[in-house]
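The values are calculated or read from the model by the stated rules, or taken from the named source; none is laboratory data. The shown structure was predicted, so the numbers you read here are calculated from the model rather than taken from an experiment. So basically every Cβ, Gly included, is an ideal-geometry build from the backbone, and we count neighbours across all protein chains shown.
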Amino acid sequence: MTAAQQIPAATIRHDWTRQEVLDLFALPFSDLLFIAQQVHRAHFDPNRVQVSTLCSIKTGACPEDCAYCPQSARYDTGLEREKLMRVEKVVEEARAAKASGATRFCMGAAWRSPKKKDMPYVTQMVREVKALGLETCMTLGMLSDEQAQELADAGLDYYNHNLDTSPEYYGEIITTRTYQDRLETLERVRAAGMKVCAGGIIGMGEGERDRAGLLMQLANLPEHPESVPINMLVRVAGTPLEKERDLDPFEFIRCIAVARIMMPKSHVRLSAGREQMSDEMQALAFLAGANSIFYGEKLLTTANPEANKDMQLFKRLGIQPEEYQQHADEAEVEAELEAQIAERRNDSFFYNAAK
Ligand code: SF4
């Protein structure tokens, strides 16, 4: 048995070496998932998944050049630009998100960093969304010390700022801000007392050493991010990565498992790219230790078929949303889900051996 296979489930470490991480990646798939499951079960209920809703509060026209991003003003992706959303509209969407079962509301703006004039609006959004009883998260780009403190004072729970990839591969993906800029924003978020959401993207042409490098950067921070989104590249026409090769789904699942082992107490989130995953791949990701999802890339309501599909998958897997608030009409929702599953059993997703 290698050192990697002897990892005690409770160990929280901040001194991972690249070789140790590569050793984890090199394990047979079943062994890797077995270790990840042990670590996961030592810290979490494996049948609970945290559910967040994402709302784009300012879309497109971003001056940065992130090669994967349709919101960059440098690429012609046909994305419609939208100005900063009104506070009342954000609150309305947050209310709908809560009604659909989300416990956290994430607000994202396509900015290099927020301007002084934007701060009163975004802090007001935080206050009002929080007053609804939702956890709040924002992603607004790089922050100064003052901006981080303003957001913390408004009551912001989480700040998202991804590292995207390894320091070595980073220059292939972004040239308009440095890796160090990103690390400094994460430090400011911590210093202001907020929780950190930081992860990266898999499938941008990086190698296993880069995936190991990204996870090392995250796990070797003085404190592990509370939330670690692992995104699968969505190849958007018009971006430099539109022709990137297909990612082997098992490579993605391996990343989830290694992230789970290295950051045992963090929520590992399935984020962008989930729409492209089959139900079976998502189930494998949960088995590997993912325990957080975005409830769709846009704000969803209970009537939205995609959100309903998520709930059907949860039900088929026996998963409960974390901190799920029981609704008065829960029995009705359950019955509806049962009926939908029974209906689908007759067609698409079960193999009929009798045929
Ligand atoms: S900073 Fe954010 S919004 Fe802007 S191009 Fe990069 S990923 Fe897209």
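Listing for the model above:
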item: Among residues of the stretch 226-241, those that are in a loop (DSSP other than H, G, I, E, B) and in contact with a Phe, Trp or Tyr (Cβ under 9 Å, 6 or more places away or on another chain), counted; result: 9
item: Residue that is farthest from the ligand (Cβ to nearest atom), among those in the stretch 67-78 that are buried (at least 22 other Cβ atoms within 10 Å of the Cβ) and under 18 Å from the mean Cα position of the chain (by Cα); result: Y68
item: Residue list for the stretch 30-66, restricted to those being within 16 Å of the ligand (Cβ to nearest atom) and in contact with a helix residue (DSSP H, G or I) (Cβ under 8 Å, 6 or more places away or on another chain); result: C55, I57
item: Candidate set from the stretch 103-134 (those that are farther than 25 Å from Y68 by Cβ and in contact (Cβ under 8 Å) with a residue 40 or more places away in the chain); member that is nearest to the ligand (Cβ to nearest atom); result: M125
item: Per-region count, the stretch 68-126, residues outside any loop (DSSP other than H, G, I, E, B) and within 29 Å of E206 (Cβ to Cβ); result: 6
item: Residue selected from the stretch 176-201 under the condition among the hydroxyl-bearing types (S, T, Y) and buried (at least 17 other Cβ atoms within 10 Å of the Cβ), by the criterion farthest from D65 (Cα to Cα); result: T185
item: Lone qualifier among L215, L156, L151, L143 - being part of a loop (DSSP other than H, G, I, E, B) and either more than 16 Å from the ligand (Cβ to nearest atom) or modelled with pLDDT under 95 (or both); result: L156
